[in-house]
Amino acid sequence: MTEARQVAGTVRGNSLESVRRHNLATVLRLVHHGGAVSRAELTRATGLNRSTIGALVTELVELGLVDEREPSPTARAGRPSPTVVPRDDVAAVAVNPEIDAVELALVGLGGAVFARARHPIALPTPDDVVAVVRLQLDDWGRAFAGTRVTAVGAAVPGLVRADDGLVRHAPHLGWRDAPLAAMLQASTGLSASAANDARLGALAERVFGAGRGVDDLVYVNGGASGIGAGVIAGGRPLGGAGGYAGELGHMRVGDAPARDSAGLAGTLEALVRRDALLVHLGADASEADESRHTPLARLEAAVATGPSAGLAGELEAQADVLGTALGNAVNLFDPSLVLLGGFLGVLLDGAGPVLRASMRRAGLEASVDAVRLDRPALGSDILAIGAAEIAFEGVLGDPAGALA
């Protein structure tokens, strides 16, 4: 421990110390989200003077969270500012339990995915997830010797309580009131967090993907587990009182008797279903080779090459329902961007005009005309990056305190 760190530690709680810790966190977050940021850019972004930025960067280097690199030569007069980058040996473990497997990723500061692992387990229990994480940590500990794993984050397809990571209900997994975050923390000895998977997908796209710089967006994803959504409002994830806000999949959009995973009738999730599209491909999703030709890839290929009459009709029918739900969402949240992930992106590609017309019928003209529809940019890394983002929150919020 350096003398400067010892002195700082003696004034913990002092207002000047609080300001320094806040500034330290601000600089680290800018580097984490920016990837490579010069000292001059940090000075402009924070409004702090150059000497203060220099001291903060030096402390982050001593903490082992960032490195400084000599800048590339430029034609500008004067000495170029050094570039600050995230260290590539600081990581978090991202966990995503699904109906057929537990998927894990080792994600570094800056959002780089270092490694992935998939453990096939049909309907994994919380105990299964904990055991898989413990096993994978041991394997990665040998493969990535020297890497500091700071925390674990879990992206769960269900309702997750915000304040403690309790999974209140994950219907596709059969979980109720599962203390997943507490179980992971007790097993690994690392700080652990959990949140709804779609909400983390929205967060990931906001900071590293198609939503960079967008303060108001809605992310809606469709997959084997149904439809989930996450909302970014005013640059922050919308959580609600318990952390359950944004469940657009359970929005009622029709009078059909079909029920969703929560038992609600006539909802978006009940009426817009991947399996109803897959039947028009001539094979069930279970017959697909998941490693080489996923159900989503087959749907995308069918749309790209020209869908059959049956598939085209189903695409339009589902796009009409999705458009109604999105029109209502636009009325509620007034986003500038709506991202459609999973098989919902296929509806945008294959029946975009129907989708947009339905949105206009359900939404206010001023809001709908201003919104942009797009697909996520992070692909298969989206949940890993989102789960790592909440795992890193302790370090990002208080770099010195979290590592102490």
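Overview of values
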{"read-out": "Computed lengthening from ARG212 to VAL19, 0.36 nm per intervening residue step minus Cα-Cα distance", "value": "66.8 nm"}
{"read-out": "Kirkwood hydrodynamic radius over Cα pairs of segment 86-217, then Stokes diffusion coefficient at 10 °C and 1.306 mPa s, in µm²/s", "value": "105"}
{"read-out": "For segment 295-354, accessible area per residue (1.4 Å probe, heavy atoms of protein chains only), Å²", "value": "33"}
{"read-out": "Accessible surface, segment 88-152, averaged per residue in Å² (probe 1.4 Å)", "value": "41"}
{"read-out": "At least 24 Å along the helix axis (C-alpha) and Kyte average at least -0.5, DSSP helices within the chain", "value": "15-34, 126-143, 309-333"}
{"read-out": "ILE121 long-range amide H proximity, modeled H, under 5 Å", "value": "ALA101, VAL102"}
{"read-out": "Within the chain, percent of DSSP bridges classed antiparallel, to nearest 5", "value": "65"}
{"read-out": "Carbon/sulfur fraction of accessible area - the chain, other protein chains in place, 1.4 Å, %", "value": "51"}
{"read-out": "Given charges at Cβ of Lys, Arg, Asp, Glu: the chain dipole, positive-most of GLN185, VAL303, HIS172", "value": "GLN185"}
{"read-out": "Net length gained if the chain between ASN49 and PHE114 were fully extended (0.36 nm per residue, minus Cα distance)", "value": "19.9 nm"}
{"read-out": "Estimated dipole of the chain in Debye, rounded to 20 [Cβ of Lys and Arg +1, of Asp and Glu -1, Cα centre]", "value": "1120"}
{"read-out": "Selected from THR150, THR188, THR305 as most flexible by GNM, with the chain as the system and alpha-carbon contacts under 10 Å", "value": "THR305"}
{"read-out": "ARG148-ALA276 FRET efficiency (beta carbon distance; Förster radius 45 Å; 0.05 resolution)", "value": "0.45"}
{"read-out": "For segment 74-163: rounded, prolate or oblate by the Cα gyration tensor [a/c cutoff 1.5]", "value": "prolate"}
{"read-out": "Helical mean residue ellipticity (222 nm; -39500 (n - 2.57) per DSSP H run of 4+; nearest 500) of the chain", "value": "-13500 deg cm²/dmol"}
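The values are calculated or read from the model by the stated rules, or taken from the named source; none is laboratory data. If you're wondering where the values come from, they're calculated on a predicted model, not measured in any experiment. All Cβ positions, even for glycine, are placed from backbone atoms using ideal geometry, and neighbour counts span all protein chains on display. To get the accessible areas, we keep the full protein, side chains included, count just its heavy atoms, and leave off ligands, DNA and RNA. Shrake-Rupley method; radii C 1.70, N 1.55, O 1.52, S 1.80 Å.
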